[in-house]
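The values are calculated or read from the model by the stated rules, or taken from the named source; none is laboratory data. Everything numeric here is computed off the predicted structure, so don't read it as measured data. Because the Cβ atoms are built from the backbone with ideal geometry, glycine has one as well, and the counts that use them run over all protein chains shown. Surface accessibility is based on the protein's heavy atoms, side chains included, excluding ligands, DNA and RNA. Shrake-Rupley method; radii C 1.70, N 1.55, O 1.52, S 1.80 Å.
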Amino acid sequence: MSSHRAVTLGLAGTGRIGTAHAETLTKLPNVATVLVADADAARARATATHLRVEFAPDLDTLFAADLDGLVIATATDSHPALITRAVDAGIPVFCEKPVAANIEGTLAVIDHIQNSPVPVQIGFQRRFDAGYRAAREAISSGKLGWLHTLRATTLDPAPPPAEYIPRSGGIFRDCGVHDFDIIRWVTGREIVEVHALGANRGAAFFAEADDVDTAAVLLRMDDEALATVSLTRYNGAGYDVRLEALGSKGNAIVGLDDRAPLTSVEPDYAPPSYPAYAGFMERFRPAYTEELSAFVAVVNGELDNPCSPLDALEAFYVAEACELSRRESRAVEIAEVRR
């Protein structure tokens, strides 16, 4: 019988996603205390005051508190040190993706923590979205027959700030990695080969950072199913994240609702009256809540880790292969980038 122990959670990083996570945590029934910290202490204090949670002036103070778990929502380059410090202190971790800025850093973290029983959950929130879960069930039940095609999109309505792009890791690691993870998770299969193309028709800062603002990827799965992933920073119609799983007997489509920013030009089509999703926080708010609820259950020993660093590594390998494919204009097998 679950004890449903109320826990004390630390949160590092009070930017947009960190503040959203802190607010979500205050509403979860099994969270007694939330303690926030940030490299910018004034920002953390303002967040703590606004949300009526506790404030830690620095990370040392945060770690010195009697934490049951730590949520990491800081800049990517700080993730490895925070994950390993928490695990070494016996504190379960939830960390926004990615584990580290590159494969070498990810492998170093995995190597450091692999013999520890302390769980580290990585934040791929689409695994907790009701639509993706329904698609996974439809595929695993055999209802769709055998899959022949998957079509995934992550289309942002507008680019992030220019200063973000050079440290984002590029469109495949920053954006497409969510699609690569969810394709693996929904199908239960592995991606074995990619062919990626990129283009720049928007702001110059993408090319200046050796990145692209739009990309298309063709994936081959280990069962010979084919998948496409379409990515852009310039989908002016709105935030469009979908997955179409097409099988020999039927299909399952995630994200096709009254707020999907799709415009039919057929004469008899009646357009929806709802506004399109403005961005990822709005589209995935219920999934973020479910994800953090799962982390509390992991902390309390009530649930196995639903997304390990090894899962994150596999999605990162696909992103790495896509970047190599784009640069060299050729198909790349995942085995080529695997360390």
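Note on the chain: antiparallel DSSP beta bridges, both residues inside, total approximately 55 percent of the bridges counted. Pairs of Cα atoms nearer than 8 Å and 6+ residues apart set the relative contact order; for region 217-339 it is 14 percent.
Dipole orientation for the chain: of the candidates LEU147, TYR269, GLY236, TYR269 has the Cα lying most toward the positive pole (charges on Cβ; Lys, Arg +1; Asp, Glu -1). Gain on full extension, evaluated as 0.36 nm per residue between VAL265 and GLU137 minus their Cα-Cα distance, stands at 42.8 nm.
Think of each Lys and Arg Cβ as +1 and each Asp and Glu Cβ as -1; about the Cα centre, that makes the dipole of the chain roughly 540 debye. Ordering 269-280, 254-265, 101-112 by mean Cβ neighbour count within 10 Å, with the highest value first, yields 101-112, 254-265, 269-280.
For VAL192, nonlocal amide neighbours, meaning residues 5 or more places apart or on other chains whose placed amide H falls under 5 Å from its own, are ARG220, MET221, ASP222. Evaluating 6.51 cos²θ - 1.76 cosθ + 1.60 at θ = phi - 60° for every residue in region 76-83, the Karplus couplings come out as 3, 5, 8, 4, x, 5, 6, 4 Hz, glycine and proline recorded as x. Computed from these coordinates, which is volume of the Cα convex hull per residue in Å³: (1) 194; (2) 156; (3) 129? Step by step, volume of the Cα convex hull per residue in Å³ for this structure corresponds to label (2). The angle between the Cα long axis of helix 16-26 and the longest principal axis of the Cα atoms of the chain comes to about 60 degrees, rounded to the nearest 10.
Measuring nothing but how far apart in sequence close Cα pairs (under 8 Å, 6+ apart) lie, relative to its length, the chain scores a relative contact order of 19 percent. Principal axis extents of the Cα atoms in region 180-339, from largest to smallest and rounded to whole angstrom, are 52, 47, 41.
Surface composition of region 36-82: carbon plus sulfur atoms hold 50% of the accessible area, using a 1.4 angstrom probe and ignoring ligands, DNA and RNA.
Per residue, the accessible area of region 1-85 comes to 49 Å² when a 1.4 Å probe rolls over the protein heavy atoms.
In order along region 292-305, the phi-based Karplus estimate (6.51 cos²θ - 1.76 cosθ + 1.60, θ = phi - 60°) of 3J(HN,Hα) comes to 6, 4, 5, 4, 4, 5, 5, 4, 7, x, 9, 8, 6, 4 Hz; Gly and Pro are listed as x. Each residue of region 124-133 is assigned a 3J(HN,Hα), and the resulting list reads 10, 5, 4, 4, 10, 7, 4, x, 5, 5 Hz, derived from the Karplus form 6.51 cos²θ - 1.76 cosθ + 1.60 (θ = phi - 60°), x at Gly and Pro. Cα centroids of region 88-145 and region 261-326: 12 Å apart. A 1.4 Å probe run over the protein chains yields, for region 160-272, 47 Å² of accessible area per residue, whole-number rounding. Share of carbon and sulfur in the accessible area of region 199-339 stands at 51%, probe radius 1.4 Å. Per residue, the average separation of C-alpha pairs within less than 8 Å and at least 6 apart gives region 1-97 a relative contact order of 30 percent. To put it simply, the accessible area of region 105-161 at a 1.4 Å probe is 55 percent carbon and sulfur.
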